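Following: one structure in C-alpha cells, then a few remarks.
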Amino acid sequence: MINTNENRKIDEEEVPSSSEKVNLKRLKNKAVHYLGRYASTEKKLTQVLIKFIRRKWPEISIDDARGEIQETVKWCREYGFVNDADYALMKVKSGRAKGYSARQIKQKLKLAGISSQEVLAAFISVEDTSDTEFHAALMMARKKQLGPYARS
C-alpha cells in the first residue's frame, strides 16, 4: 500500500499565512452573488462584505480590509449592481402598494442607509400626494380589519 500523503508536495498557496491579504476577486464575486439574489444598498453590501471577511479571513482586521471593501462597493456602483436611488424608489413604490405611511417608509429607508435627499427624490418621483396617505390608511384598516372593515 502506497501512502499518497508522503508523496504529495505542499504548495505555498495551500498553507495559509498570517500575512495573507483579502482577495479582491473573491470579494467582488461575493458582492455580485449577493446582489444577484437581493436588492441592496451600499451600506448593507458593506455589512455583508465585512461579515464575509470575518468568516473567511479571521486573522485580518476589518480596518486593514476597509480599502478592499470600499473598492468593491465602488466597483459595484460603477457597474450598476448597487444603486441607492433606485433602491429607494423601489421601496417607496412597494411601501405605498402595501399601504405604509410616508413616515414608516422614510424610517425604513433611513435604517437601510439611504440619504434623506435620495428619499425625498424617490417620494417626488412617485408623485406623493396627501391623497395617497388617505389611501394608505384605508388599505391598512382593511388589512387589520379596523373601523368599517371590522367583522362583527
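Given contacts defined as C-alpha pairs under 8 Å and at least six residues apart, what's the relative contact order of segment 82-125, whole-number percent?
Normalised by residue count, the contact order of segment 82-125 is 57 percent.
If you average the sequence gap of Cα pairs under 8 Å that are 6 or more apart and divide by the length of segment 44-136, what percent do you get for the contact order?
28 percent.
Quick one: order THR72, THR132 from most to least accessible surface, probe 1.4 Å.
In descending accessible area the options line up as THR132, THR72.
Which ³J(HN,Hα) values, rounded to whole Hz and listed in residue order, are derived for segment 50-59 from phi using the Karplus coefficients 6.51, -1.76 and 1.60 in 6.51 cos²θ - 1.76 cosθ + 1.60 with θ = phi - 60°, glycine and proline given as x?
5, 4, 5, 5, 4, 7, 8, 10, x, 7
May I ask which of LYS30/LYS108; LYS51/LYS110; LYS43/LYS98; LYS21/LYS43; LYS25/LYS98 have a Cα-Cα span longer than 28 Å here?
Going by Cα-Cα distance, LYS25/LYS98 fall outside the 28 Å limit.
The values are calculated or read from the model by the stated rules, or taken from the named source; none is laboratory data. This is a predicted model, so every value here is computed, not measured. Surface accessibility is based on the protein's heavy atoms, side chains included, excluding ligands, DNA and RNA. Shrake-Rupley method; radii C 1.70, N 1.55, O 1.52, S 1.80 Å.
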